[in-house]
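Step one of this worksheet: look at the structure below.
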Amino acid sequence: MSDRAELSGLLVQFHGELLDFVRRHAGRLLRYETEDDLIQEVHVRALQQGGRYRHKGREPFLAWIHTVARSVLADRHAHWAALRRRPAGLLRLTLGGTESGVALDPAVSATGPSTFAARREMLSLAVKALSLLPKADRDLVRWRSEDVPLTEQASQLGLSYAAADSASRRALERYRKSFRLLSGR
């Protein structure tokens, strides 16, 4: 049996223990992502790193997979925290109805508790809408909100400029639809 096949079998065998670990350690991350998505990400990373793993029993395996899971959870927490720190670009995309995706919020210059509460609620909905998208779409929308040049996006995805532009537009439209569904607009 190959090392990869053995590792795959171990991941299936210890799925319950990993699920319990994710439930205990994911915390607020579960507001944005499902347990199954997080476990799948742990499995992918474990298989990517699997060439370095040598099975030595139950306890060493659980310690190793928990280390991989901690790394995934930390990365996902950092991802969502970054979105919360830079909400303007993400919210700008939800409000946009123009070709560029940019539209002005009528309350941009307003201040006060109700305005801040409304913006917090919109940000929460925007982050949830983003979390509903497949990973590739999430990346495209995030890159768009961060004004990453389309040539760089195309390079990252291994696509032509035109294909990346098309994929970005489709991802942005799916994001806006998700936002509208969540916000009831």
Give the residue that is farthest from Ser124 (Cα to Cα), with candidates limited to residues of the range 144-182 that are of a type in the set (S, T, N, Q) and surrounded by 15 or more Cβ atoms within 10 Å (Cβ to Cβ).
-> Gln153
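Yes/no per residue for (1) closer than 20 Å to Leu30 by Cα; (2) modelled with pLDDT under 80; (3) not assigned by TED's automatic domain parsing to the domain that holds Arg28:
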position	(1), (2), (3)
Thr115	no, yes, yes
Glu121	yes, yes, yes
Arg142	yes, no, yes
Glu146	no, no, yes
Leu157	no, no, yes
Ser160	no, no, yes
Ser168	no, no, yes
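Which of the residues that make up the range 64-99 are at pLDDT 90 or above and surrounded by fewer than 13 Cβ atoms within 10 Å (Cβ to Cβ)?
Within the range 64-99, the subset at pLDDT 90 or above is 64-74.
Answer for the range 64-99, where residues must be at pLDDT 90 or above and surrounded by fewer than 13 Cβ atoms within 10 Å (Cβ to Cβ): Thr67, Ala74.
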Pairs with Cβ under 8 Å, 6+ apart, first in the range 44-56 and closer than 14 Å to Ala69 by Cβ and in the same structural domain as His66 (by TED's automatic domain parsing), second buried (at least 16 other Cβ atoms within 10 Å of the Cβ) and β-branched (Val, Ile, Thr) | Arg45/Val68; Arg45/Val72; Ala46/Ile65; Ala46/Val68; Gln49/Val68
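Check Tyr53, Tyr32 and return the single one that is hydroxyl-bearing (Ser, Thr, Tyr), surrounded by 15 or more Cβ atoms within 10 Å (Cβ to Cβ) and under 30 Å from Glu121 (Cβ atoms). Steps first, answer last, please.
Working: Tyr53 fails: under 30 Å from Glu121 (Cβ atoms).
That would be Tyr32, the only listed residue that is hydroxyl-bearing (Ser, Thr, Tyr), surrounded by 15 or more Cβ atoms within 10 Å (Cβ to Cβ) and under 30 Å from Glu121 (Cβ atoms).
Quick check on the range 1-43: of everything there that is of a type in the set (S, T, N, Q) and without any contact (Cβ under 8 Å) to a residue 12 or more places away in the chain, which residue is nearest to Ala69 (Cα to Cα)? Outline the logic, then answer.
Residues of the range 1-43 that are of a type in the set (S, T, N, Q), as a first pass: 2, 8, 13, 34, 40.
With without any contact (Cβ under 8 Å) to a residue 12 or more places away in the chain added as a condition, the list becomes 2, 13, 34, 40.
Values: Ser2: 23, Gln13: 16, Thr34: 14, Gln40: 10 Å.
Step by step, filter the range 1-43, then rank; the result is Gln40.
Among the residues of the range 160-183, write down those that are aromatic (Phe, Trp, Tyr) and touching a residue at least 40 places away in the same chain (Cβ under 8 Å).
Just the residues of the range 160-183 that are aromatic (Phe, Trp, Tyr), to begin with: 161, 175, 179.
Listed by number, the residues that qualify are Tyr175, Phe179.
When you check Leu7 against the structure, is it crowded, with 17+ Cβ neighbours inside 10 Å, modelled with pLDDT under 90 and part of a helix (DSSP H, G or I), yes or no? Walk me through how you get there before you give the answer.
On the way: crowded, with 17+ Cβ neighbours inside 10 Å: yes; modelled with pLDDT under 90: yes; part of a helix (DSSP H, G or I): yes.
Yes: the conditions hold for Leu7.
The values are calculated or read from the model by the stated rules, or taken from the named source; none is laboratory data. Just so it is clear, the model here is predicted, and its values are computed rather than measured. Every residue, glycine among them, receives a Cβ derived from its backbone with ideal geometry; neighbour counts consider all protein chains shown.
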